[in-house]
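Inspection log for the structure reproduced underneath, given as structure tokens.
The values are calculated or read from the model by the stated rules, or taken from the named source; none is laboratory data. Since this is a predicted model, take the numbers as computed values, not measurements. Using ideal geometry, Cβ is built from the backbone for each residue, glycine included, and neighbour counts are taken over all protein chains shown. Heads up: the accessible areas ignore ligands, DNA and RNA and are worked out on the full protein's heavy atoms, side chains in. Shrake-Rupley method; radii C 1.70, N 1.55, O 1.52, S 1.80 Å.
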Amino acid sequence: MSTAMNFSTKSFTPRPPDKGAFPLDHFGECSAFKERFMECLRRSGYESAACRQSAMAYLECRMDRQLMANEPLEKLGFKDLINEKSEEKPEK
């Protein structure tokens, strides 16, 4: 009598991950934003909190060029920076 399970009866349907996988920037469309972010990290001793503006600009570039799914910046952790940006703009 065999106790081995037969896995061939179940079918596996792969699905992409919800977040974390997106196309590479093969044409370097956002490389200037990436370099600014990396330079900021080096200057700040790799303290990412000091470079949040650069990170936000890089993610906006990726979303604008369909290199990642469009996502509200508030959901990506930039709500406070968006509020600062809107307060700086003078109202007409």
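Among the GluC sites (Glu not before Pro) in region 42-80, those located in a DSSP loop and surrounded by at most 10 other Cβ atoms within 10 Å of their own Cβ are Glu47. Legend: residues Leu24, Leu76, Leu41, sorted from most to least accessible area (1.4 Å probe; ligands, DNA and RNA excluded), read Leu24, Leu76, Leu41. Here each label is just a point 7 Å from Cα along the line to Cβ, and for Glu71 and Thr13 those points are 2.5 nm apart. The alpha carbon radius of gyration of region 30-82, expressed as a multiple of 2.2 N^0.38 Å, is 1.12. The loop-placed trypsin sites (Lys or Arg not before Pro) in region 27-66, going by DSSP, that have at most 13 neighbouring Cβ atoms within 10 Å of their Cβ come out as Arg65.
With K and R counted +1 and D and E -1, the other residues having a Cβ less than 12 Å from that of Phe33 yield a net charge of -2.
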